[in-house]
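Read-outs: derived from the displayed coordinates by stated rules, not from any lab. If you're wondering where the values come from, they're calculated on a predicted model, not measured in any experiment. Here the Cβ positions follow ideal geometry from the backbone for every residue, glycine too, while neighbour counts run over all protein chains shown.
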Amino acid sequence: MNEQLIYNNLQKYFGYRSFRPLQLEIIKDVLNGKDAVVLMPTGGGKSICYQLPSVMMEGITLVVSPLIALMKDQVQSLTANGINAAFLNSSLTEMGKREIIDRITSGEVKLLYVAPETIFSGSFMTYLKGLKINLIAIDEAHCVSSWGHSFRPEYRKLHALKEEFPDVPALALTATADRAVRSDIGELLGMNSPDTYISSFDRPNLSLAVLPGQKKWEQISKIVRRHSGKSGIIYCSSRKATESLAEKLQNQGVKAEYYHAGMPSEKREITQDKFIQGDIDVICATIAFGMGIDKSDIRFVIHHNMPGNIESYYQEIGRAGRDGQPAETILFYSYRDVQTQMDFIKEIDNEQYKKIQLAKLTRMQEFAEAQVCRRKILLSYFSETLQEDCGNCDVCKNPPKYFDGTRLAQMALSAVARTNENIGITTLVDILKGSYSRAVNENYYHKIKTFGVGRDTTLFAWQLYIQQFIQQGIVEIDYKNHYNLLLNDLSRKVLKGEMEVKLVDYEVIKQRKDDQKKLAIKVKPEKGAVNESLYETLRELRSQIAKKRGVQPYLVFSNESLRDMASQKPSDIAEFLNVHGVGEHKAKLYGASFLETIASFSSGRSKGDTFKVTYELYKQGKSISEIAVERNLHETTIYSHMANLINNNSDVDVFSLITQEELDKVAEAKEKIKDTTKLKPYFDYFNGSVGYGKIRIALSYLEK
């Protein structure tokens, strides 16, 4: 392939005169018909790797992406560059889809973005066979692996693309994949001996800091003032927090808005566009915001709460400073964040996946509590080493007192080497301490030279020192091999005495952990007195639900959970998730019913009264979201009201709530789903493309 021709097209379509690292090599691979797995950090230039080849080859490039917002943004950018592109996803009307199909059939479209669900819907795969596909690009490829932080089962089916188009080059791209995930990608997507390209994950222009999760508003206010007039994102764990924070900032004269999945899609798009165009400075958002956002001048990213894993954290801070200029990232952390994430993980049904997520949460917690260079921890997580401290994180700027831990590191690494990298942290500590544990005895580890060399160091100290070894990247965890420890190039340098290892004394770290736990206890909201009448009402509701589902009442909620509800009186799903024993799964199943009962009890209304209020607002022409805001209830609750009104023959126009297409989808699903008494099978059947509220409306209409 003529390299000058590649540069000419780069200049012609994108206005660039040079490539970023690895881009040219990847593009050459694609043009030569080879498969490749590409790992580049957020903002590293992954898109060019398939967009440029697509305009140089005959036919159409198929881009698989799970992100509707990214599709729209990419298509707009490509169109602005004079490249014909289109997307097919659930946001389009039937007429809109037909128009796109006509453009594709006529050969007008060069890049087609589709969701994985679209590929396997109806006869779409058959339709693809009739096109001249020149390249298959699979974005967010980490979703294929159950080891990933956002595993999506539908990605597992994508190997069918290579089976149908074996001679078409495939490109798998991701910004967040650790060693375990990247080894899965090529195999699970059915790729042909793909080359793997790993760009540096280091973003030296981003400063990293972790602050105590106390007095957050005062600290956020100062940070935003410091970046007055500049763009920033504040990530929050709940919708309510985004709205509250945005209002506080607005009251201070900041051009701020909130963004979350509970907003109408039209309002979300308007808010996102205003932020990209610079009409809004600060977005207070849940993680629903930012996927694929092409805005290079974001000067700060704040995490109001700690994410559940390093991949998510890295991906979200990566939206700052894409222009290469200095940008600030701040994570607020308290031990309560860990407790909250633990509650989410407990709701996971798959035990293996649950175990993986717990391990990832532990690494995220260690990052937040670390007393070593934070950039080293981030990079070592993605199997990249940084020998010197970065100088641009809070630990480097205000370092703790270190001591020379080289000899301790050599003891530990020697034990890992002598066991052929076949042990995890617990067994390593047993060997160093000279403990005759079952694993030690069964594998004869008491006979190796390093057995007992670390007897003089306490068990707790060893655990914390090994954490620091992992954080500094001088030893790695192999998640796919029983969480065993792996040696690397830095390990060998330490063992040869070519590299010094600095450690923070374990007493310093222990004190920090204790302080965090105390802070967590302090920030827990004081519980009010339990309203016994409400408690009995909730017990009655629980009995009704349990009887209907054929389960014991305690499997719905424990008495302790009901008493906490009767104390806290949550008014929306975000508050409901703060109730003891309420995880995301149970919140989806039962949240609407319990919130409705609590709201009715608190206002002194019966169910009939509360339906009547919703009905009156509906007759005034108000939307579901507007009614929810006015009544201070969750949208799911309002949908439930409307479903009951339909059941009771009220004058409700069902097509003001759902589309004919959505109704037809539910009707079709109803013929195929065995257990039609529950909403979740429908939700899973649609892969989340039709919400619980709309499913409930459709079923009520169909049953009537």
Fill in the blank from the handout: Any GluC sites (Glu not before Pro) in segment 75-139 that lie in a DSSP loop and have at most 14 other Cβ atoms within 10 Å would be Glu108
Handout entry: FRET efficiency, 1/(1 + (r/R0)^6) with R0 41 Å, evaluated for Gln339 and Glu384 via beta carbons
Key = 0.85
Exercise for the section: Using label points projected 7 Å from each Cα along Cα→Cβ, tell me how many nm separate Thr105 and Lys622, to one decimal. Expected result: 4.6
Practice task
Grab the beta carbon distance between Glu703 and Leu589, set R0 = 22 Å, and tell me the FRET efficiency rounded to 0.05.
Solution key: 0.65
Exercise for the section: Would you kindly derive the ³J(HN,Hα) couplings of segment 223-239 from the backbone phi angles with the Karplus curve 6.51 cos²θ - 1.76 cosθ + 1.60 (θ = phi - 60°), listing them in order in whole Hz, with x for Gly and Pro? Expected result: 5, 5, 5, 5, 10, 3, x, 9, 7, x, 10, 10, 8, 10, 8, 9, 5
Handout entry: Normalised contact order of segment 402-504, rounded percent, pairs of Cα under 8 Å and 6 or more residues apart
Key = 38
Fill in the blank from the handout: Spelling it out for Cys393: with amide H atoms placed in the peptide plane at 1.01 Å from N, the residues 5 or more places away or on another chain with amide H under 5 Å from its amide H are Leu208
Handout entry: Nearest-0.05 FRET efficiency for His159 and Tyr16, computed from C-beta distance (R0 35 Å)
Key = 0.55
Problem - Contour minus Cα-Cα distance for Asn648 and Lys569 (0.36 nm per residue) - result: 25.6 nm
Handout entry: Spin-label pair Asn578/Ser193, simplified geometry with 7 Å Cα→Cβ offset, distance in nm
Key = 5.8
Problem - Relative exposure of Val64, Val453, judged by other C-beta atoms within 10 Å (fewest first) - result: Val453, Val64
Handout entry: Sequence-distant residues sharing a close amide H with Glu347 (under 5 Å, placed H)
Key = none
Problem - Karplus (6.51, -1.76, 1.60) ³J(HN,Hα), θ = phi - 60°, over segment 395-412, in Hz, Gly and Pro reported as x - result: 5, 5, 6, 9, x, x, 7, 9, 10, 6, x, 4, 5, 5, 5, 5, 4, 5
Practice task
Order the peptides 249-262, 423-436 from the highest to the lowest mean number of other Cβ atoms within 10 Å of their residues.
Solution key: 423-436, 249-262
Exercise for the section: Along Cα→Cβ, 7 Å out, is where each label goes; now give me the distance between the ones at Ala546 and Phe655 in nm to one decimal. Expected result: 4.5
Fill in the blank from the handout: Along segment 258-264, Karplus-curve 3J(HN,Hα) (6.51, -1.76, 1.60; θ = phi - 60°) to the nearest Hz, with x for Gly and Pro, reads 9, 8, 7, 5, x, 7, x
Completion exercise
Residues whose modelled amide H sits under 5 Å from the amide H of Asn134, counting only those 5 or more places away in sequence or on another chain, are Ile60, Thr61, Leu62
Exercise for the section: Consider a paramagnetic label point 7 Å from the Cα of Tyr7 along Cα→Cβ; state which residues of segment 14-43 have an amide N under 12 Å from it. Expected result: 17-19
Practice task
Find how much the distance from Ile287 to Glu532 grows on full extension, using 0.36 nm per residue of separation minus their present alpha carbon separation; answer in nm with one decimal.
Solution key: 84.5 nm
Handout entry: Whole-number percent relative contact order across the chain, with pairs defined as alpha carbons under 8 Å at least 6 apart
Key = 9
Problem - Those residues of segment 412-426 whose amide nitrogen sits under 13 Å from the label point placed on Thr457, 7 Å along Cα→Cβ - result: 412-416
Handout entry: Qualifying trypsin sites (Lys or Arg not before Pro) in segment 335-414, DSSP loop, other Cβ atoms within 10 Å at most 14
Key = Lys401
Handout entry: 24 Å Cα-Cα threshold exceeded, pairs from Lys376/Lys493; Lys46/Lys222; Lys548/Lys665; Lys46/Lys110
Key = Lys46/Lys222; Lys548/Lys665
Completion exercise
Contour minus Cα-Cα span, Thr406 to Leu555, at 0.36 nm per residue, comes to 48.4 nm
Practice task
Go through 128-136, 311-319 and give me the packing order, highest mean Cβ count within 10 Å leading.
Solution key: 311-319, 128-136
Problem - MRE, 222 nm, helices only [DSSP H, n ≥ 4, -39500 (n - 2.57), over the chain, to nearest 500] - result: -14500 deg cm²/dmol
